[in-house]
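Let me begin by presenting the structure, written as structure tokens, before commenting on it.
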Amino acid sequence: MTDTVVQKPAVCTHCGCVCDDLIATVHDQRVTQIKNACVLSEEWFLTQTATPQLRFEIEGQTVSQQQAIDKTAEILSSATAPLIHGLARSSTPGQRAAVELADRIGAIIDTSASTCHAPSILALQRVGESTCSLGEVRNRSDLVIFWGSNPLESHPRHLVRYSGEATGLFIPNGRADRTIVVVDTQETETSQAADLFLKIKPESDFEVLWALRAILSGQSLEQSSVGGIEIKQLNDLVSRMKQCQFGAVFFGLGLAHGPLGHHNVEALLQLVTDVNDHTRFIARRMRNYGDVAGADSVLCWQTGYPFSVSLSKGYPRYNPGEYSAFELLTRRDVDAAFLIGSDGLNKMPAAAIETLKTIPTIYLAPVDSDPPFVPTVRLSSGTYGIHDYGTAYRMDEVPIPLKPIFPETVPMDETLVQSIIDQLD
Ligand code: SF4
């Protein structure tokens, strides 16, 4: 125990903003204060310690770390159709080790993206996307549209750091130099802070986006409104988009989910492509889970595909749906599951949870994460950026280095997965 109080730079990986301007005050091996954290992350930071209570268990009984590793290797060695899922609460080193393990045992590997922006990824694979870094948005964007997303709730510092009040090279007055538009089916905290709110009817995004494309291409529409929005409002939005210096549209699951999710996103990306005939305009996803963007990137560079990849034949095959974790579990198509840094398990269908209760399941995650069932084997790790170095990808796919707040004394998922690989037959 020491009375020394030190301040350390910290990076938050709680949402896709990956804010890297936090300052942690550390006293007596604990974070006692955290500067610049938002309402989503402050409480979490204040629970972080140098010596978290790691849990290694088999069937709910405490065992040694080595026993948990041995049992995991035994399960994976005897599985004929293993699944590895998660990776959003990990970081590049752990994600890379997970892909190596999947390759070694011929597993299907899937990330939290398959329950999040999978429709968006399918759309951008079909029509491409115009993108930029959040730094460019901060420095250049004079028009920002949030479509189906409510960042003031989901990404609380997005507007302050990049897209709202943030000042930049060509936006010296911040919010005063920027017009913010929200398109959503309901009023939100962000719509209340916007200059313009277009409240559209549920599941009418596709029609509204195609109407905007038609107006942009010079067509005149006969109807008086589309999707609950008057044509004159759509005309106004199109002229704002054409006349801005640099426009950015950030879209969320409000656009990407639902029966037409990938068609909606495809329509938005095509609209943005069209607007680039007039001015610079970009589109970006609002990534929710911690490092789901990193999981996409690591899987892409290791297998060529971002999620839902089968390595069972010794080479990568990509098929969302067929190789998506929740669907596989619901169909009972796997005989062992290894959940590594899984986020969003609360969205898992009841049938998938039931499967997890009937097959050998290994759960590896930071100590503050609890599964909605008792796994066969449970292993805990430290958290990247708290207990070890790592890399997290921001929602714009910019890699942000993570440095530990505490000395590196806690095993990380990379080390544990490597130990499991070493134990395999
Ligand atoms: S906006 Fe996101 S990354 Fe930034 S401090 Fe809040 S939760 Fe963390």
Query raised in the report: For PRO349, are the conditions met, namely being free of Cβ contacts under 8 Å to residues at least 60 places away in the same chain, under 29 Å from ARG157 (Cα atoms) and out of contact with any Pro (no Cβ under 7 Å at 6 or more places or on another chain)?
Result: no
Requested in this report: Kindly provide the set of residues from the stretch 45-77 that are over 29 Å from the mean Cα position of the chain (by Cα) and exposed (fewer than 12 other Cβ atoms within 10 Å of the Cβ), ordered by number.
Outcome: GLU59, GLY60, GLN61, THR62, SER64, GLN66
Query raised in the report: Which one of ILE75, ILE145, ILE121 is in contact with a strand residue (DSSP E or B) (Cβ under 9 Å, 6 or more places away or on another chain) and under 21 Å from LEU345 (Cα atoms)?
Result: ILE121
**Report entry** Filter result (within 18 Å of LEU271 (Cα to Cα) and surrounded by fewer than 19 Cβ atoms within 10 Å (Cβ to Cβ)) within the stretch 130-141
**Finding:** SER130, THR131, CYS132
Query raised in the report: When the stretch 373-416 is examined, which residues are found to be of a type in the set (Lys, Arg) and more than 23 Å from the chain's Cα centre (by Cα)?
Result: ARG378
Query raised in the report: (1) under 16 Å from the mean Cα position of the chain (by Cα); (2) surrounded by 24 or more Cβ atoms within 10 Å (Cβ to Cβ); (3) part of a helix (DSSP H, G or I); (4) outside the structural domain of GLU322 (by TED's automatic domain parsing): which one isn't true of GLN95, the others all being true?
Result: (4)
Report summary line: For the stretch 35-47, pairs from a residue that is in contact (Cβ under 8 Å) with a residue 12 or more places away in the chain to a residue that is part of a loop (DSSP other than H, G, I, E, B) and more than 8 Å from the ligand (Cβ to nearest atom), with Cβ under 6 Å and 6 or more apart or across chains, are ASN36/ASP21
Query raised in the report: So, of the residues in the stretch 153-167 that are surrounded by fewer than 20 Cβ atoms within 10 Å (Cβ to Cβ) and more than 10 Å from the ligand (Cβ to nearest atom), which turns out to be farthest from ARG140 (Cα to Cα)?
Result: GLU153
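So how many residues does the stretch 1-24 have that are touching a strand residue (DSSP E or B) at 6+ places or on another chain (Cβ under 7 Å) and either of a type in the set (Gly, Ala, Ser) or crowded, with 17+ Cβ neighbours inside 10 Å (or both)?
Qualifying residue count for the region: 8.
The values are calculated or read from the model by the stated rules, or taken from the named source; none is laboratory data. Just so you know, these numbers come straight off a predicted model, no measurement behind them. A quick note on method: Cβ atoms are made from the backbone with ideal geometry, for glycine too, and the neighbour counts reach across all protein chains shown.
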